[in-house]
Amino acid sequence: MLDLGAKSDAFPPSLMGFIANAAVNLSRAQAEIDRAAETDFIDAATLDLAPVLGNPGKFICLGLNFKDHAAEGGFDIPDYPALFMRADSSLIGSGSPLVRPVVSETFDYEAELAVVIGETARHVSEETALSHVFGYSIFNDASVREYQRKTAQWTAGKNFDGTGAFGPAIVTADDLPPGMAEMRIQSRLNGKVLQDSSLSDMIFPVAETVSILSQIMTLYPGDVIAMGTPAGVGHARRPQLWMKPGDTCEVEIEGLGVLRNPVIDESAVAASSQAAE
């Protein structure tokens, strides 16, 4: 990993700023990488990672975007994307703990592809939609199922603090297959594989999703779309399987790496905060 900001003041102070002028900044970044010495690089394992984008303008999520996942939950296959939003306060980085809230033990994992918008998109066609994508990352849409089902809308169960793991990096679209088609997605809990699928199984692929969303709202550089999860989630298992303190959840997507997070209880967060005071 190379700290571009330390190498040159030509780079914006945030990744959001970098993405907003991606073509120029990527060219500058490549030039810095080419002339950097081996000692200039930092081992990412020595860093505490934040969410790759901690304050996206919009964080839009798709539900029921894999046929097998819709079926395991008893839902019909949608003919239009089920949409909800994530708040910034729910986001954490790779390595940070997923926080099981004190109000419920029904804490579930969801392996998802995250799409990062790179160019403003409004009323774009499916054929041109991918040209508006900057890159891709990994998301764990950890969900508090009890609260997700308290109302017809899913917002409550999807926005508890410390439940949206996002990272560890963004890989630019030019280094990956268009729309991430055919790439493998997998989740593991304590090393056991629980979800294992292909992104080709998405009901609404990336290009179609970007096009549909651009009909509703303007998508800006740095906006994020989480593309839904395949079958194998905990609430559909018998017996049901919930993440608990002491667990480690991993989400791996081919070409993007591994998003790894331990699980703690919210009471431990409160105790740590009191000790710090």
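Counting helices only, and only those DSSP H runs with n ≥ 4, report the 222 nm mean residue ellipticity of the chain as the sum of -39,500 (n - 2.57) divided by its residues, in deg cm²/dmol to the nearest 500. Intermediate results must be reported in sequence, preceding the final value.
Working: 7 runs with 56 residues, N = 277.
So the calculated ellipticity at 222 nm is -5500 deg cm²/dmol.
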Expressed in square angstrom to the nearest 10, the accessible area of Arg184 with a 1.4 Å probe stands at 120
Taking Cα pairs closer than 8 Å and at least 6 residues apart, the relative contact order of region 4-107 in percent is 24
extent check for the chain: Cα max minus min per principal axis, descending, whole Å, gives 55, 51, 30
Rounded to whole angstrom, the alpha-carbon centroid of region 1-20 lies from that of region 129-201 at a distance of 26
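Let me check against my output: what whole-number percent is the relative contact order of region 154-206, with C-alpha pairs under 8 Å and at least 6 apart?
On the way: 34 pairs, mean separation 13.9, N = 53.
Worked out over region 154-206, it gives 26 percent.
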For region 166-277 the mean separation of alpha carbon contacts under 8 Å (6+ apart) over residue count, i.e. relative contact order in percent, is 29
Judged on accessible area alone, 1.4 Å probe, highest first, Val263, Val193 line up as Val193, Val263
Compactness check, region 1-112: C-alpha Rg relative to the 2.2 N^0.38 Å globular estimate gives 1.47
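DSSP beta bridges in the chain, what fraction antiparallel, as a percent rounded to 5?
Working: 41 of 49 bridges.
Antiparallel bridges: around 85 percent, rounded to the nearest 5.
So if I average 1/r over every pair of distinct C-alpha atoms in region 189-277 and take the inverse, what Kirkwood radius in Å does that give? Write down the numbers at each step before the final one.
Values: mean 1/r = 0.0606 Å⁻¹.
When all Cα pairs of region 189-277 are included, the Kirkwood radius is 16.5 Å.
The values are calculated or read from the model by the stated rules, or taken from the named source; none is laboratory data. Everything numeric in this text was worked out from a predicted model, so none of it was measured. Remember, those area values only see protein heavy atoms, side chains included, never the ligands or the DNA or RNA. Shrake-Rupley method; radii C 1.70, N 1.55, O 1.52, S 1.80 Å.
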